[in-house]
1. Can you give me the angle between helix 239-270 and the longest principal axis of the chain, using Cα atoms only, in degrees from 0 to 90, rounded to the nearest 10?
2. What's the angle, to the nearest 10 degrees (0 to 90), between helix 88-99's Cα axis and the longest principal axis of the chain?
3. Just need the relative contact order of the range 3-163 here, percent rounded to a whole number, with Cα pairs under 8 Å and 6+ apart.
4. Separation of the range 134-165 and the range 12-68 by C-alpha centroid, Å?
5. Only bridges whose two residues both fall in the chain count here: according to DSSP, what percent of them are antiparallel, nearest 5?
6. Run lengths n ≥ 4 of DSSP H only: what is the helix-derived mean residue ellipticity at 222 nm for the chain, with -39500 (n - 2.57) per run over all residues, to the nearest 500?
7. Can you tell me the equivalent ellipsoid semi-axes for the chain? Use √(5λ) from the Cα gyration tensor, largest first, whole Å.
8. On a 0 to 90° scale, report how tilted helix 59-69 is relative to the longest principal axis of the chain, with both axes built from alpha carbons and the result rounded to the nearest 10.
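No value in this document is a laboratory result; all are computed from the given coordinates. Model, not experiment: these values are computed from the prediction.
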């Protein structure tokens, strides 16, 4: 099919082989590495990928550079992380989607797994992510968890990407989200005026962005996030995995909160 797969990597030797195996239908797999010190680059090359290198600065800039500068062999790009997998049903749906005229991009739902359980309730499922697109039609916003903005019609696929965010263990998840919280704190500190209209837009990414902006203005965010994920969204239905994940997400929100306070304190002292 006329689709190139794009994988952004940093020390992904554990996840990369499984990810590439799920992309066996693609004859162009592009890896953009950010300075791995393990066997990521060696593995990618040995598994038939084309490997490129760029120092990481932030997610939006990194992805923007990738779609503007990498020499993809096909007009469509599937953006996938090393800890994600593309089931066969989704691959078949992708083939049908890119063969049909009309759309500039497609949203795909993601299933997150923790402790062997699909977190159907303890996450924000269904989270629709623009992952399949024509590069000239997209741009990216936000320093972390970027929003993909599309110029043109956007379709939706029925099947899921499978995501294993804890494949490297709890330590790695905490370390990664500690880094993510630095970017989120910068986003919250430099936030724009709230666009109330965005809360009612039908486009999921724009609506989610507006909700995040509203949420960033609320007090007691860590407690609110736990209550929403575990109680209101039904995280308790996911068993122990749902409880543990809801606690981890509230901890992540707490990190963001204290870092926002720290950044604002520094700004006031400098003023």
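1. 70
2. 80
3. The normalised contact order for the range 3-163 reaches 26 percent.
4. Centre-to-centre (Cα) distance: 18 Å.
5. For the chain, the DSSP antiparallel bridge percentage is about 40.
6. -12500 deg cm²/dmol
7. 30, 21, 21
8. 20
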